[in-house]
Amino acid sequence: MKLTAVIQLLPTDEQRQTLYETLQTLNAACNEISQQAWDSKTFRRVPLHHLTYYPVREQFGLTAQMAVRCIGKVTDAYKVNRKVRHDFRKHGAIPYDLQMIRYDLEQQAVNLQTLDKRQTMPFAAGQLQLDLLQYQQGESDLFERRGKFYIAATCEIPDDVPFDPDEFLGVDLGIKNIATDSDGTIHSAKHLLNVRHRHRRLRRNLQPKTTWSSYRKLKNLSGKERRFARDVNHRISKQLVTIAKDTGRGIALEDLKGIRDRVTFSRKQRNMLHSWSFYQLRQFVEYKAQRAGVPVVYIDPCNTSRECSVCGCVDKANRKTQSHFSCMSCGFVAHADVNAAINIGRRVVVNPPNADGLH
């Protein structure tokens with residue numbers, strides 16, 4: 001499984017200026033290659049290499065491998081869309097292959113190629129990133145964000161051997177409660193919703209102003225809400241996978257693809273719906289489960305919130321409120337999300353019997 005380890009470079013002032021010049025020159029070269037590709041309608045890697053390799057090296061003073069990576073960046077962009085000419089940002093990310101960068105994990109330093117010469121720079125990383133870097137393979141991206149330089153390294157992590165579970169941990173996803181599992185654990189979204197509401201209110205109050213202080217405040221707020229929600233999803237997914245692995249169960253999730261087009265919300269609820277990051281949580285559960293060898297399945301969520309997990313009665317009146325479930329048939333009472341999570345876990349067909357052996 002491929003994961004990305006992001007580390008922060010700690011260059012000197014002179015090295016920082018060299019990195020800026022390197023990114024600026026390489027992206028200018030990418031724009032020149034992109035223009036020639038667009039004019040000649042040459043989008044495949046090998047023909048574009050023959051067309052631009054030597055002129056670009058001579059014009060921008062690039063090394064052989066720098067020119068190759070610039071051509072690769074342009075061809076990758078045109079693989080996605082050939083209907084428009086692609087322009088690259090002045091300090092956009094540049095891919096580095098194994099010939100252009102080397103990692104020294106003992107010294108926590110990288111040696112990378114720049115326009116001036118190869119530079120050795122220390123980097124800052126946590127233990128998780130250092131563990132991932134032991135499996136570093138393929139390309140790494142050099143990029144700049146708010147005056148700081150980072151390396152995003154591709155790491156090929158070995159997966160645990162998947163097991164065949166007899167039961168599945170059902171997980172119900174929602175807006176009021178981000179995730180509820182069939183064991184009864186509820187991950188409330190109250191704190192996250194409060195953070196989202198506070199940031200929306202701040203943006204609404206600051207955006208009409210035209211002062212430098214309001215611009216600085218908006219810049220400081222940029223990305224905070226997204227990073228907070230990402231951290232919440234990471235912690236929830238880690239807990240779900242840990243519980244499933246420790247109890248020898250798989251994970252059953254709702255297939256919520258296209259949910260925003262299928263459901264109708266009031267105007268006041270639209271912000272909550274469109275800031276609901278269930279797909280990100282799903283991705284985090286998937287890759288953490290794959291790494292741990294825990295199988296993940298998706299089931300149709302139809303009527304999981306209205307079906308009684310005891311007698312199987314399906315009735316819209318069973319769900320009294322958002323959180324209260326009371327079966328009209330057998331009188332079973334439970335938290336609505338916990339009841340739904342139990343139904344999700346039970347809908348997975350586990351070890352179906354052999355039809356030939358029944359006769």
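Restricting attention to segment 13-26, does a residue exist that is within 31 Å of the chain's Cα centre (by Cα), of a type outside the set (Ser, Thr, Tyr) and part of a loop (DSSP other than H, G, I, E, B)? Checked against the condition, which is being within 31 Å of the chain's Cα centre (by Cα), of a type outside the set (Ser, Thr, Tyr) and part of a loop (DSSP other than H, G, I, E, B), segment 13-26 yields no hits at all. A search for C-beta distances below 7 Å between a residue of segment 221-246 that is surrounded by fewer than 15 Cβ atoms within 10 Å (Cβ to Cβ) and any residue that is among the aromatic types (Phe, Trp, Tyr), counting only pairs 6+ apart in sequence or on different chains, returns HIS234/PHE284. Residues of segment 288-307 being farther than 12 Å from LEU253 by Cβ and out of contact with any strand residue (DSSP E or B) (no Cβ under 7 Å at 6 or more places or on another chain), which ones? Across segment 288-307, the qualifying residues are LYS288, GLN290, ARG291, ALA292, GLY293, CYS302. A Cβ distance below 9 Å, combined with a sequence gap of six or more or placement on separate chains, defines the contacts here; from segment 25-48, residues that are within 10 Å of HIS86 (Cα to Cα) reach residues that are among the β-branched types (Val, Ile, Thr) and surrounded by fewer than 17 Cβ atoms within 10 Å (Cβ to Cβ) in the pairs TRP38/VAL84. Just one of the numbered conditions (1) outside any helix (DSSP H, G or I); (2) at pLDDT below 90; (3) surrounded by 15 or more Cβ atoms within 10 Å (Cβ to Cβ) is not true of LYS209: (3).
Counting the residues of segment 290-329 that are part of a helix (DSSP H, G or I) and surrounded by 14 or more Cβ atoms within 10 Å (Cβ to Cβ) gives 4.
Can you tell me which of ASP183, ASP159 is acidic (Asp, Glu) and at pLDDT 90 or above? Don't jump to the end; show me each part of the working.
Numbers: ASP159 fails: at pLDDT 90 or above.
Being acidic (Asp, Glu) and at pLDDT 90 or above holds for just one of ASP183, ASP159, which is ASP183.
Scanning segment 137-188 for residues that are over 21 Å from ALA109 (Cβ atoms), without any contact (Cβ under 8 Å) to a residue 60 or more places away in the chain and surrounded by 16 or more Cβ atoms within 10 Å (Cβ to Cβ) yields THR185, HIS187.
The values are calculated or read from the model by the stated rules, or taken from the named source; none is laboratory data. Just so we're clear, the structure is a prediction, and the values are computed from it rather than from any experiment. Methodologically, a virtual Cβ is constructed for each residue, glycine included, from the backbone with ideal geometry; neighbour enumeration extends over all protein chains shown.
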